[in-house]
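Shown next, in structure tokens, is the structure this report addresses.
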Amino acid sequence: MTHDHDLVLRPTAAQTEAALNPPPGRTGGDLVVETLAALGATTVFGLPGQHALGLFDALRRSDLRYVGLRVENNAGFAADAYGRITGEAAPLLLSTGPGALTSLAALQEAAAASAPVLAICSQVPTAGLGGGRHGYLHELPDQAASFRGVVKSVHTVRAQSQIPSAIEAAWKSALSAPHGPVWVEIPQDVLLAGTAIPVVTGGDAFPEELPPRPELTAVAAHLLSTAVRPAIVAGGGVVRADASGKLRQLAETLAAPVVTTPGGKGAFPWNHPLSLRSWLEDRHTTDFLEDADVLLVVGSGLGELSSNYHTFRPRGRIVQIDADLGKLESNHPALGIHADARLALQALLETVSERDDPTAPERVRTLLAKVADRIAAQELTLEQDVLASVRRALPAGSASFWDMTVLAYWAWSAFDAGAPNLMHSAQGAGGLGYGFPAALGAAVADPTRPVLAVSGDGGALYSVAELATARQHDLNVTWLIVDDGGYGILRAYMTDAFGEATATDLTRPDFVALAESFGVPGVRTSPQTLETDLAKALRTPGPSVVVLPAVLRMFAATHLGSD
């Protein structure tokens with residue numbers, strides 16, 4: 001008896017001849033780029049370094065597009081965005097030691113946001129591995145140890161024959177739910193040495209699926225079908241799983257209001273009658289969710305930002321679906337379902353009973369009115385006008401990438417993303433410098449649409465070197481820099497907590513003149529002219545910078561005990 005898994009495809013005569021006589025002049029670096037191409041990669045990001053030169057030399061013999069950035073961390077952010085936009089594993093090529101370590105903050109953000117980044121890094125020569133102090137340039141006793149607590153998996157190569165399998169395993173790991181960054185490291189001598197290994201022409205690029213356990217979805221379906229006041233929290237897992245359509249169908253079947261987390265922006269239509277939008281940092285929303293007798297949490301761990309800073313105290317049952325096993329019941333007891341959001345929502349759609357609740361849209365309208373009244377009472381017209389101007393200027397279907405800045409904190413709650421997978425920020429790990437290099441990665445992924453980056457002046461200083469990248473590759477990114485003369489949100493936090501701020505004021509450049517020195521057009525705008533200037537920049541092909549001098553304030557926090 002022959003089983004399907006016993007079948008082996010036999011090579012043709014031509015394939016056998018090619019394998020026996022590989023082209024000359026190839027190295028271990030060629031095995032890397034051949035494997036990437038065989039798995040479906042078309043674009044790689046990175047920065048060369050001494051130990052990685054064999055890998056970068058092989059790029060010129062391949063059809064892969066190389067997009068080089070000026071700082072490894074920024075290259076990681078660009079790869080992160082490319083992975084988010086395309087859903088593909090984004091190769092990130094790095095060199096040993098300082099180059100590798102400089103990428104850590106970007107890989108932490110990719111891990112927090114479940115972005116599939118395939119980091120491939122060189123190592124010291126094989127003779128230097130093992131933890132001894134041999135004195136090689138860039139040497140670390142255990143380079144991979146610096147990444148094990150950040151990435152999903154680590155893959156170490158010590159011989160050329162291991163390269164295709166190690167990269168294929170890492171690729172599958174990056175794309176298996178939950179998506180995330182992975183780490184491959186290859187010694188310098190392995191990359192440089194000539195190879196007689198046949199050209200890599202095939203690879204299994206299909207990640208393993210993560211379906212829900214049927215007995216758990218049966219219980220979840222019963223709880224939701226018989227609930228009196230169900231509600232749904234939709235997180236980034238819904239966006240990553242491309243499950244927003246199934247989320248909408250389930251919400252409408254259950255007549256369940258939906259709130260999206262900062263990472264889940266766009267997972268549910270902003271103006272839908274059941275949309276609670278994204279006002280999670282609001283006591284009225286927190287109270288509404290606490291009052292749900294069954295709360296379905298999909299693709300979120302109900303972490304700090306998604307629980308109004310851990311002030312959320314549910315009174316009903318929670319059903320939690322997440323592909324990240326570590327997030328299940330990490331903050332609240334729940335019926336935990338370890339599964340990809342798309343597969344779990346489909347299973348629920350097949351088993352729930354339809355609910356009729358004509359009061360649900362009215363309860364949603366009442367809540368949104370309370371939120372609007374609360375914000376209106378705080379005299380924050382400037383902030384709301386600026387955010388509205390950005391929304392009107394941004395073309396439909398264009399992605400936006402937001403740094404950790406006051407306007408981004410507003411956007412988490414008050415910005416209509418327009419559609420799934422269009423609004424992204426660094427809220428996963430919370431590091432500065434994400435917005436502009438990430439937008440560059442998105443522009444590489446889809447050059448047909450303009451991309452918006454939003455930074456404060458403090459975060460912008462992390463990324464100014466990438467103006468050269470934007471110009472070199474003529475990337476269609478408009479960079480909005482809100483210049484308030486320092487780390488504005490930290491200034492506000494410290495003033496509130498201590499009465500005055502320390503280390504938050506910055507000497508910064510003339511960002512318009514700086515942009516123009518790179519050959520990138522820049523304009524200084526005002527709140528009154530922002531919409532016009534930003535729309536014009538977004539319509540104009542190529543990179544541009546728009547600078548808005550403004551001091552923006554945050555809306556009052558409700559997790560501190562006052563409303």
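The values are calculated or read from the model by the stated rules, or taken from the named source; none is laboratory data. Values in this document were obtained by computation on a predicted structure and should not be read as measured data. Here the Cβ positions follow ideal geometry from the backbone for every residue, glycine too, while neighbour counts run over all protein chains shown. Ligands, DNA and RNA are stripped out before the accessible areas are found, and what is left, the full protein with its side chains, is counted by its heavy atoms. Shrake-Rupley method; radii C 1.70, N 1.55, O 1.52, S 1.80 Å.
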*For E379 paired with T529, estimate the spin-label separation in nm (one decimal), with each label point 7 Å from Cα along the Cα-to-Cβ line.*
2.8
*Just name one of P48, G542, P178: the one whose Cα is farthest towards the positive end of the charge dipole of the chain (beta-carbon charges, Lys/Arg +1, Asp/Glu -1).*
G542
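Just for the range 453-563, what percent of DSSP beta bridges are antiparallel, to the closest 5? Show your work: numbers first, answer last.
Details: 1 of 14 bridges.
Looking only at bridges with both residues in the range 453-563, the antiparallel portion is about 5 percent.
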*asked:* Placing +1 on the Cβ of each Lys and Arg and -1 on the Cβ of each Asp and Glu in the chain, which of G485, N421, A443 has its Cα farthest towards the positive end of the resulting dipole?
replied: A443
*asked:* Can you find, among H138, L104, F77, the residue sitting farthest towards the positive end of the charge dipole of the range 74-166, where Lys and Arg contribute +1 and Asp and Glu -1 at Cβ?
replied: H138
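If you take the beta carbon distance between A193 and R61 as r and set R0 to 22 Å, what does 1/(1 + (r/R0)^6) give as a FRET efficiency, to the nearest 0.05?
Values: r = 16 Å, r/R0 = 0.71.
According to the calculation, E is roughly 0.90.
Hey, can you rank 550-557, 502-509 by average C-beta count inside 10 Å, highest first? Walk me through the numbers before you get to the answer.
Details: 550-557: 17.1, 502-509: 13.2.
My ranking of the peptides, most packed first, is 550-557, 502-509.
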*If Lys and Arg each add +1 and Asp and Glu each add -1, what is the summed charge of the other residues whose beta carbon sits under 13 Å from the beta carbon of A439?*
-2
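Averaging the inverse of every distinct alpha carbon separation and then flipping it gives the Kirkwood radius. What is it for the range 119-235, in angstrom units? Working shown, then result.
Details: mean 1/r = 0.0565 Å⁻¹.
For the range 119-235, inverting the mean 1/r across all distinct Cα pairs yields 17.7 Å.
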*For the chain, what does -39500 (n - 2.57) per DSSP helix run (n ≥ 4), summed and divided by total residues, give at 222 nm, in deg cm²/dmol to the nearest 500?*
-11000 deg cm²/dmol
*Over the range 215-338, what lengths in whole Å, largest first, do the semi-axes of the equivalent ellipsoid take, defined as the square roots of 5 times the eigenvalues of the alpha-carbon gyration tensor?*
17, 17, 15
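If packing is taken as the mean number of other Cβ atoms within 10 Å per residue, what is the order of 334-340, 141-147, highest first?
On the way: 334-340: 21.4, 141-147: 15.1.
Averaged packing, sorted descending, gives the order 334-340, 141-147.
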_Check which residues have an amide H placed less than 5 Å from R524's amide H, if you skip close sequence neighbours._
V547
*asked:* Need one word for the range 295-410: rounded, prolate or oblate. Basis is the Cα gyration tensor (sqrt eigenvalues a ≥ b ≥ c); a/c below 1.5 gives rounded, then a/b vs b/c decides.
replied: prolate
*Can you list the residues, at least 5 places off or on another chain, whose amide H is less than 5 Å from the amide H of R277, using H built in the peptide plane?*
T260
*asked:* With a 1.4 Å probe and all protein chains left in place, how much accessible area per residue does the chain have, in Å²?
replied: 41
*Compute the long axis of helix 530-539 from its Cα atoms, compare it with the longest principal axis of the Cα atoms of the chain, and write down the angle in degrees, 0 to 90, nearest 10.*
30
*Assuming 1.567 mPa s and 4 °C, estimate D for the range 147-302 with Stokes-Einstein, Rh taken as the Kirkwood radius over Cα pairs, in µm²/s.*
69
*Could you rank the peptides 412-424, 113-125 by their average count of other C-beta atoms within 10 Å per residue, with the highest value first?*
113-125, 412-424
*Using the Cα centre as the reference, give the magnitude of the dipole from point charges on the C-beta atoms of the range 263-378 (Lys, Arg: +1; Asp, Glu: -1; all else neutral), rounded to the nearest 20 debye.*
280
*In whole percent, what relative contact order does the range 377-426 give with Cα contacts below 8 Å and a gap of six or more residues?*
44
*Just need the relative contact order of the range 37-165 here, percent rounded to a whole number, with Cα pairs under 8 Å and 6+ apart.*
23
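When the accessible area of the chain is split by element with a 1.4 Å probe, what percent falls to carbon and sulfur? The partial results should precede the final answer.
Numbers: 12120 of 22830 Å².
Answer for the chain: carbon and sulfur cover 53 percent of the accessible area.
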*Where nothing but the Cβ of Lys and Arg (+1) and of Asp and Glu (-1) is charged, how large is the charge dipole of the chain around its Cα centre, in debye to the nearest 20?*
300
_GluC sites (Glu not before Pro) within the range 236-332, DSSP loop, no more than 16 other Cβ atoms inside 10 Å_ = E304, E329
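Between E209 and S353, what is the FRET efficiency for a Förster distance of 41 Å, r being their Cβ-Cβ separation, to the nearest 0.05? Walk me through the intermediate numbers first.
Values: r = 26 Å, r/R0 = 0.64.
In this case the efficiency is close to 0.95.
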*Point-to-point label distance, D474-T495, nm (Cα→Cβ direction, 7 Å offset)*: 4.5
*Taking the chain as the reference, fit the longest principal axis to its C-alpha atoms, fit the long axis of helix 72-86 to the helix C-alpha atoms, and give the angle between the two in degrees, 0 to 90, nearest 10.*
70
_Low-density loop positions, chymotrypsin sites (Phe, Trp or Tyr not before Pro), the range 180-282 - DSSP coil, at most 15 other Cβ in 10 Å_ = W270
*Once amide H atoms are placed 1.01 Å from N in the peptide plane, what residues at a sequence separation of 5 or more from R65, or on another chain, have their amide H within under 5 Å of its amide H?*
T43, V44
